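Report on one structure; see the data block that follows.
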Amino acid sequence: MEKYYLAPMEGITTYIYRNAYHKYFRKMDKYFTPFFVPHSKRGLNIKEQEEILPSNNEGLYIVPQILSNNGEDCVQTIQKIKRYGYEEINLNFGCPSKTVAAKYRGSGFLAKPEELDRFLDTVFTKEKEAKISVKTRLGRDEPEEFKNILSIYNKYPLEELIIHPRVQKDHYKHDIRIPWYGYAEEHSRHSLCYNGELKTTEDILKTKQNCKKTECFMIGRGIIANPGLLTKKEICENEKIHAVEIERMQAFLEDICCHYEEASPREIYVLFKMKEIWTYLLRTYPEHLDTIREIKKSQTIIEYKSKVRDFFALLG
């Protein structure tokens, strides 16, 4: 049976966004939080706590994600997260951000396979209870690095291996390297999940044809741009992508805005969050580029809500 996960996207897939998506669209099998960076000298801050509070994630299968290259710090953070009742943790070796990679974190850590091996050895030696999955790229510079990297992952009892088949230096520009994902299907000892460039129904169907041994797919930017991507009709063979129903989409965005207003008294913060989402929605409504640009110019919540109502009235 196919499974779908919502990828973590810093600043966007917050608990507020996840709950609204779960309410209005296809319920994901797993939701991954934006990454936690371990801090050995303090506990989780308020923002981090909000992301994983059980009361903020009722009915959702949440997987907290950790970004680290220090095994001891990572284990400490896993222990802090476990106190909230979580049984599965994801380790991020996939983030391609230059600032992250420059510190040998995320996919930058893949440039140091011996240290990666020691990191995983520390984590699995000291943490025996949590299920631990990994999100990875193929390497930092060249896809051939993946042979050694995969051999390292194969040494450990990973819950799951999520692969974005690009290297760090590809960022999101180079074509997906499907043959290397095929290499993982043949040589990995773990359950695999595919991640990368799943923006349309056609993308999903093509990937399913190319990755015949994979039944799990993680989607990030494709869902943010078109939250209705995984509705039942849209995922069937020979079906064209249908526009998300106007009323459902409007209710979804109103829900998010309302909860951000409840969470923060700062109007500028709420506007920033909503405008960031609209940056992705441009891809779903390209014929309304100018109108969406006007929405993003809003200076107050009242102005923003008025322009959004006008936008959906225009669609109707």
Have a look at R118, R42 and point out the one that is more than 15 Å from the chain's Cα centre (by Cα), of a type in the set (K, R) and within 28 Å of F146 (Cβ to Cβ).
R118
Out of the residues in the stretch 1-45 that are of a type in the set (S, T, N, Q) and touching a Ser or Thr at 6+ places or on another chain (Cβ under 8 Å), state the one that is farthest from Y61 (Cα to Cα).
T13
Matching residues, the stretch 176-190, being open to solvent by less than 70 Å² (accessible area, probe 1.4 Å) and closer than 14 Å to T207 by Cβ:
I176, R177, I178, W180, Y181, G182, A184, E185
Modelled with pLDDT of 95 or more, in contact with a Lys or Arg (Cβ under 9 Å, 6 or more places away or on another chain) and of a type in the set (A, V, I, L, M, F, W, C): is that true of I295 in this structure?
yes
Hey, could you check the stretch 229-238 for residues that are modelled with pLDDT under 90 and in a loop (DSSP other than H, G, I, E, B) and say which is nearest to Y285 (Cα to Cα)?
T231
Answer yes or no as to whether Y156 is touching a residue at least 12 places away in the same chain (Cβ under 8 Å), of a type in the set (F, W, Y) and in a loop (DSSP other than H, G, I, E, B).
yes
Looking across the stretch 110-128 at residues that are closer than 30 Å to G59 by Cβ and not hydrophobic (A, V, I, L, M, F, W, C), the single one that is surrounded by the fewest Cβ atoms within 10 Å (Cβ to Cβ) is K128
Among residues of the stretch 270-290 being open to solvent by 50 Å² or more (accessible area, probe 1.4 Å) and part of a helix (DSSP H, G or I), the residue nearest to I302 (Cα to Cα) is F272
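Which of the following residues is of a type outside the set (V, I, T), within 21 Å of E87 (Cα to Cα) and open to solvent by 60 Å² or more (accessible area, probe 1.4 Å): K173, K131, K147?
From the options K173, K131, K147, the qualifying one is K131.
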Considering K297, K307, which residue is more than 21 Å from I16 (Cα to Cα), among the charged types (D, E, K, R) and loosely packed, with under 14 Cβ neighbours inside 10 Å?
K297
Within the stretch 17-26, is even one residue farther than 23 Å from A263 by Cα and not β-branched (V, I, T)?
yes
Go through (1) in contact (Cβ under 8 Å) with a residue 24 or more places away in the chain; (2) over 22 Å from W278 (Cβ atoms) and name the single condition I46 misses.
(1)
So which residues in the stretch 88-110 are free of Cβ contacts under 8 Å to residues at least 24 places away in the same chain and either among the polar types (S, T, N, Q) or on the phi > 0 side of the Ramachandran plot (or both), if there are any at all?
S97, T99
Filtered residues of the stretch 23-33 (kept if open to solvent by 30 Å² or more (accessible area, probe 1.4 Å) and over 14 Å from the mean Cα position of the chain (by Cα))
K23, Y24, R26, K27
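The values are calculated or read from the model by the stated rules, or taken from the named source; none is laboratory data. Quantities reported herein were computed from a predicted structural model and do not represent experimental measurements. Cβ atoms come from the backbone with ideal geometry, glycine included; neighbour counts cover every protein chain shown. These accessible areas exclude ligands, DNA and RNA; they are computed on the full protein's heavy atoms, side chains included. Shrake-Rupley method; radii C 1.70, N 1.55, O 1.52, S 1.80 Å.
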